[in-house]
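Worksheet: the structure to be examined is printed underneath.
Taken together, the values in this text are just the output of simple stated rules run on the coordinates, not laboratory data. This is a predicted model, so every value here is computed, not measured. Cβ: placed from backbone, ideal geometry, glycine included. Neighbour counts: every protein chain shown.
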Amino acid sequence: MTPRTLALLLAVALLAGCATGLRIDTTYSARGQDSRAQYLVLHYTQSDFASSLQTLTEGPVSSHYLVNDNPPTVYRLVDESRRAWHAGASSWQGQTQLNAASIGIEIVNRGYRDENGQRVWIDYPPAQIDVVVALVKKIVAEHKIRPDRIVGHSDIAPQRKIDPGPRFPWKRLADEGLIPWPDAQRVAERRVEYEKRLPDVGWFQRGLAKHGYAVPSSDELDEPTKRVVAAFQMRYRPERCEGTLDAETAAILDVLTTKP
Ligand SMILES: [Zn+2]
């Protein structure tokens with residue numbers, strides 16, 4: 001074959017390719033499918049809007065949404081069909097591929113400042129929370145995300161992260177019907193029992209694991225276990241979230257992980 005013939009054959013092949021193209025017939029659709037997004041993860045940015053935006057658009061980390069504080073504008077930085085890189089090494093209910101399986105919302109909030117050895121947490125403005133709630137509702141409705149899969153960064157990475165922090169109003173999400181919440185009456189009843197005798201550390205560890213946390217099964221109140229307890233308390237009992245085991249924490253955990 002001469003070079004000229006080869007060139008001619010290649011040209012014909014290319015033309016044939018162009019003419020045929022690839023056509024995909026979308027007549028049929030499978031019933032067995034659901035959204036890529038099975039989890040929703042909430043964060044605070046720990047910085048102001050300008051530096052949050054820069055970090056999330058130009059750096060290696062990203063999120064689907066960024067919610068400013070003033071005015072409380074919602075910015076979409078990553079399309080929901082694509083992965084954002086917000087979760088890092090993490091786990092919830094045994095799922096460790098959370099970037100692939102979640103939608104991330106970063107909320108502009110400084111987190112805390114330390115003053116004279118005291119940690120002062122920064123409140124979320126009510127107008128910003130209204131916008132976050134509306135956004136969570138929209139995402140949950142579109143992707144059919146389960147209530148027990150709406151979590152904080154501190155829930156999925158309690159050894160590394162404390163955001164969105166104890167000032168994030170999880171109770172408000174519960175009041176909106178978005179996340180499970182322990183019945184106050186049942187908690188009060190169980191608390192009386194646990195004040196008489198506090199369960200051992202292994203009981204707490206098993207309960208926290210059942211609830212979704214990656215927690216040691218050491219039967220000891222070691223530092224990693226304390227961090228998980230603190231993450232749980234930040235969510236359900238934010239007034240005291242130092243990771244100390246007490247009757248109220250036991251009661252909340254019991255009510256959340258057992259049927260009435
Ligand atoms: Zn985070």
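Some observations on this one:
- Antiparallel bridge percentage (DSSP; both residues within the chain; nearest 5): 40 percent
- CD proxy at 222 nm, helix term only [per DSSP H run n ≥ 4: -39500 (n - 2.57); per residue of the chain; nearest 500]: -12500 deg cm²/dmol
- Mean-square fluctuations from a GNM of the chain, with a 10 angstrom spring cutoff on Cα atoms, peak among Glu189, Glu115, Glu80 at Glu115.
- When you filter the trypsin sites (Lys or Arg not before Pro) in region 106-159 for DSSP loop state and at most 11 other Cβ atoms inside 10 Å of their Cβ, you are left with Lys144.
- Most mobile of Ile105, Ile179, Ile150 in a GNM of the chain (Cα contacts under 10 Å): Ile179
- All lysines inside 24 Å of Lys144 as judged from Cα atoms, apart from same-chain residues fewer than 8 positions distant: Lys171, Lys210, Lys259
- About the Cα centre, charge dipole magnitude for the chain (Lys/Arg +1, Asp/Glu -1 at Cβ), debye: 820 debye
- In percent, rounded to a whole number, the relative contact order of the chain is 18, using alpha-carbon pairs under 8 Å and six or more apart.
- Qualifying GluC sites (Glu not before Pro) for region 220-260 [loop in DSSP, other Cβ within 10 Å: at most 13]: Glu220, Glu239, Glu242
- Relative contact order %, region 13-116, counting alpha carbon pairs below 8 Å whose residues are six or more apart: 35 percent
- DSSP finds beta bridges in region 31-128, and of those with both partners inside it, around 45 percent are antiparallel.
- A cut-off of 5 Å between modelled amide H atoms, ignoring neighbours fewer than 5 places along the same chain, links Tyr112 with Ile122.
- C-alpha center-to-center spacing [region 239-260, region 125-156] in angstrom: 23 Å
- With the biggest extent put first, the Cα atoms of the chain measure 94, 40, 33 Å across the principal axes.
- In region 66-99, the trypsin sites (Lys or Arg not before Pro) that fall in loop regions by DSSP, at most 15 other Cβ within 10 Å: Arg82
- Selected from Leu173, Leu22, Leu56 as most flexible by GNM, with the chain as the system and alpha-carbon contacts under 10 Å: Leu22
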